[in-house]
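A short worksheet on the structure shown next.
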Amino acid sequence: MMRKIYFVLVLCISSTFSFAQKINKIINAKEVEKIEKVLAADDMHGRKTFSADIDRAANFIAGEFAKSKLQYFNGSNSYLQPFEMIKAKPVLIEGLLDDEALNENNVAAISTSEEININGLQGFDIITVKPGDDFPKKVFPVFDLNKNVVVLVDTSFAKRFKSMQRFAGNAKFKSEVSQIFILTKNSNPSKINLHIKNELTLQHLQNVVGVLPGKSKKEEYVVFSGHYDHLGIGKPDARGDSIFNGANDDAAGTTAVIMLAKYFSKLKDNERTLVFVAFTAEEIGGFGSRYFSKQLNPDQVSAMFNIEMIGTESKWGPNSAYITGFEKSDFGKILQSNLTGSQFHFEPDPYPSQNLFYRSDNATLAELGVPAHTISTSKMDNEPNYHKQSDEISTLNMKNMAEIIKAIAISSHTIVAGTQTPTRVQKAL
């Protein structure tokens, strides 16, 4: 009996050692840096949405998926998942809100209509953003409403309104409804007359998606994702650098997705189907993840591991990361449990006031009830290179980044194997 126990113990130790050797050979600092150097290179010019550079990045990611022999997604004949958007440029805005003149200075329209004519408030829901309101909580949900809305924004939010005007100028999915934002002190108007004329331009984008089919649970999906777009080229900083390389945001997350695809394709033991996706257009509104989310049944998605900015150490130091929306499902607890005894630890999001759970590519599937969470190390209260030209590969800790990717691989094991399923997130209304 003792001999039998000894044999089983030796077998377990041998298996664990073999497993550690395999993961260390596939996911290590050298391999991580190799991918990062391509995605965050100066010649990628910051991977700006709609640029030729982001298309080159997409082709590189597709090539890496091909090396891992991933299958195409949803009957496609390519790893590239193309979709179209419409950019509406206002060429005329004129009208009155009671006796107040409306023009390009105080009106922003989220619309893909060539012309908008509003005569009276009938047919539009009215939302007011008053002094002291939480602007993001009041305004951001409006972007996803499938109905005509007029939002009256108090002038105390003038600076925020300017930022929102820039956002409104981004490309959008074709829609029959419009959301009109008006900067005004008039929170209870009696009449409105507004005419907007837009110049429409069709624009093309693409996610990069690869699939590793499951064995016994092929119809149950686990998604690993990150976004590969960034800010492109802007005004030179004090060093004369004009390229926003986005090494941490989010070449780091995309690198993790590529590494995980390589790892699981070598392991070949996933019972659930694994979907690896690099999203486009996160920086201008999460349009890549929004499109992707419409291409599958959210009830079939068991979990989503979205990976965002893992290139720097977290507030707890090496071998640690946090999970956004930790309290919204038991996803985080499962990951913590699967790392018991290791040096690595996952923690709840320490920046709840930043609303990070709904600020990354996990948000769309989370709103549909999927336990979709973002894993990050970014110190959002003090990340010196965030959205700056200095977000370069030299600022990243490759060894720690490799440990984070390995921790994601190991902690996801029971979910990938289909033996554990995180509880669902409460659906958005």
> Add -39500 (n - 2.57) for each DSSP H run of 4 or more in the chain, then divide by its residues: what number comes out at 222 nm, to the nearest 500 deg cm²/dmol?
Replying inline: -8500 deg cm²/dmol
>> If you fit an axis through the alpha-carbon atoms of helix 29-39 and take the longest principal axis of the Cα set of the chain, what angle between them do you get, 0 to 90°, nearest 10?
In response: 30
>> Taking the 0 to 90 degree range and rounding to the nearest ten, how far is the long axis of helix 52-67 tilted relative to the main principal axis of the chain, both from C-alpha atoms?
In response: 30
>> Give me P(r) over the range 85-202, computed from all C-alpha to C-alpha distances, binned every 10 Å, as integer percentages.
In response: 14, 51, 33, 3
>> What is the angle, in °, between the Cα long axis of helix 158-168 and the longest principal axis of the Cα atoms in the chain? Nearest 10 is fine, range 0 to 90.
In response: 70
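Listing 51, 289 from the residue with the fewest other Cβ atoms within 10 Å to the one with the most, what is the order?
Numbers: 51 16, 289 27.
Least crowded to most crowded, the residues run 51, 289.
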> What residues qualify as long-range amide H neighbours of residue 48, i.e. H under 5 Å apart, gap of 5 or more or another chain, H built at 1.01 Å from N?
Replying inline: 54, 230, 232
>> I need the phi-derived Karplus couplings for the range 202-208: 6.51 cos²θ - 1.76 cosθ + 1.60, θ = phi - 60°, integer Hz, Gly and Pro marked x.
In response: 7, 10, 10, 9, 7, 7, 10
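Relative contact order, percent, of the chain when contacts are C-alpha pairs under 8 Å separated by at least 6 residues?
Details: 892 pairs, mean separation 83.7, N = 429.
20 percent.
If you rank 312, 255, 280, 414 by fewest surrounding Cβ atoms within 10 Å, what's the result?
On the way: 312 22, 255 34, 280 30, 414 14.
Exposure proxy ranking, most exposed first: 414, 312, 280, 255.
Which whole-number percentage describes the relative contact order of the range 85-202, with Cα contacts under 8 Å and a sequence gap of 6 or more?
Numbers: 238 pairs, mean separation 59.6, N = 118.
51 percent.
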> Where in the range 47-116 are there trypsin sites (Lys or Arg not before Pro) that are in a DSSP coil and have at most 14 other Cβ atoms within 10 angstrom of their Cβ?
Replying inline: 69
>> If you restrict to DSSP beta bridges whose two residues both lie in the range 98-254, what percentage is antiparallel, to the nearest 5?
In response: 50
> Counting other Cβ atoms within 10 Å of each Cβ, which trypsin sites (Lys or Arg not before Pro) in the range 129-226 have at most 14 and sit in a DSSP loop?
Replying inline: 147, 174, 185, 191, 215
> Hey, how many Å between the Cα centroid of the range 290-311 and the Cα centroid of the range 86-115?
Replying inline: 34
> Could you give the dipole magnitude of the range 23-178 about its Cα centre, charging the beta-carbon of Lys and Arg +1 and that of Asp and Glu -1, in debye to the nearest 20?
Replying inline: 900
> Each residue of the range 309-324 in turn: what ³J(HN,Hα) in whole Hz from Karplus with 6.51, -1.76, 1.60 and θ = phi - 60°, glycine and Pro shown as x?
Replying inline: 6, 10, x, 10, 6, 6, 5, 8, x, x, 6, 8, 7, 10, 10, 6
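Report the semi-axes of the equivalent ellipsoid for the chain in whole Å, largest first, where each axis is √(5λ) for an eigenvalue λ of the Cα gyration tensor.
43, 22, 21
Cut-off is 10 Å between beta-carbons; in what order do 323, 182 appear when sorted fewest neighbours first? The partial results should precede the final answer.
Details: 323 25, 182 21.
Result, fewest neighbours first: 182, 323.
Over 22 Å between Cα atoms, which of 25/333; 328/399; 172/388; 328/388; 48/172 qualify?
Numbers: 25/333 28 Å; 328/399 31 Å; 172/388 25 Å; 328/388 32 Å; 48/172 16 Å.
Correct reply: 25/333; 328/399; 172/388; 328/388.
Report relative contact order for the range 186-250 in percent, whole number only (criteria: Cα-Cα under 8 Å, sequence separation at least 6). Kindly include the intermediate steps, with their values, before the conclusion.
On the way: 24 pairs, mean separation 13.7, N = 65.
Reported as a whole number, the value is 21 percent.
Every number here is computed from the coordinates shown, using simple stated rules; none is lab data. This structure is a prediction, so every number in the text was calculated from the model and none was measured. For neighbour counting, all protein chains shown are included, and Cβ atoms are generated from backbone atoms with ideal geometry for every residue, glycine included.
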